[in-house]
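The values are calculated or read from the model by the stated rules, or taken from the named source; none is laboratory data. Keep in mind the model is a prediction, meaning the values are calculated, not measured. Glycine gets a Cβ as well: all are built from the backbone with ideal geometry, and neighbour counts include every protein chain shown.
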Amino acid sequence: MMKVVILAGGYGTRLSEEVQYRPKPMVEIGGKPILWHIMKEYSYYGHNEFIICAGYKQEVIKEWFANYFLYKNDVTFDYSSGENCVIFHDRHCEPWKVTIVDTGPDTMTGGRIKRVQKYIGNETFLMTYGDGVCDVDIAKLVEFHSSHGKLATLTAVFQEQQKGVLDIGRDNSVRSFREKNRIDGTVINAGYMVLEPGIFEHIEGDHTIFETETLGALTEKGELMSYLHKGFWQCMDMKREMVMLEKMLESNAAPWKKWQD
């Protein structure tokens, strides 16, 4: 199974009322941070080792995971012997290994990935953003990536709202990559990437913007491929999107939720 890198260090300014005291990936839907939902997606496919690229209010993420096992299980605090004896009961918890790295509050996306290179090693890895959920079949995504031998695969979706805009060739190669503009209504970059370790050669440092500089360089070299996903994907940029995701969970109609409670 592969390591999963999740970018979780931005300020999330468009959700200002929600991120005053916590980073956007820790904003809750269904009583759990959206970061947790993303991790559950990957865990469903057997990927249980995570590297969280934290930045803005990174201590909130660390404290949440530090207490997760405690909050998840029944616990007895026994002081009768004059010592602090903690007994956990049942021990219900995900089989996760989570490394949280402070990649700096102002580091660009490429720089954040570069900073966790030592935790990834010389391995193919998965990468996505900590503010969007999707029902993409990650097993098929990885299979597609393995079939073409290029450095990077991203998941592409059709959406009216725009992220990075892609021009995709007939063989699924990405011919061009550019930032959004208001007149676009085409295929966009939804994250959920598979990356080879050679990707680090295309990231100079903290100032590197992954979506334009790194992916742009890969496009020019013919090393970026797209996996077209026709199902659900939603980024939580605005309050209305958070409310929409919350309502989906409340009505048991959340497409990304494939796991059993």
* Is there a residue in the stretch 35-54 that is of a type in the set (Gly, Ala, Ser) and crowded, with 22+ Cβ neighbours inside 10 Å? -> yes
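Would you call Thr153 crowded, with 17+ Cβ neighbours inside 10 Å and within 27 Å of Gly222 (Cβ to Cβ)?
Numbers: crowded, with 17+ Cβ neighbours inside 10 Å: yes; within 27 Å of Gly222 (Cβ to Cβ): yes.
Considered against the rule, which asks whether it is crowded, with 17+ Cβ neighbours inside 10 Å and within 27 Å of Gly222 (Cβ to Cβ), Thr153 comes out as yes.
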* To do: Counting only residues that are in contact (Cβ under 8 Å) with a residue 40 or more places away in the chain and among the hydroxyl-bearing types (Ser, Thr, Tyr), give me the strands (runs of 3 or more DSSP E) lying completely in the stretch 1-101 with at least 1 of them.
  => none
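Residue-wise test of (1) closer than 20 Å to Asp171 by Cβ; (2) β-branched (Val, Ile, Thr).
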| site | (1), (2) |
| --- | --- |
| Val187 | yes, yes |
| Pro197 | no, no |
| Ile203 | no, yes |
| Ile209 | no, yes |
| Thr212 | no, yes |
| Ala217 | yes, no |
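Strands (runs of 3 or more DSSP E) wholly in the stretch 174-261 with at least 3 residues that are modelled with pLDDT of 95 or more and either surrounded by 20 or more Cβ atoms within 10 Å (Cβ to Cβ) or over 17 Å from the mean Cα position of the chain (by Cα) (or both) - which ones?
Fully inside the stretch 174-261 and qualifying: 193-195, 224-228.
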* strands (runs of 3 or more DSSP E) wholly inside the stretch 105-163 that include at least 1 residues being in contact (Cβ under 8 Å) with a residue 12 or more places away in the chain and more than 14 Å from Tyr42 (Cβ to Cβ) -> 152-158
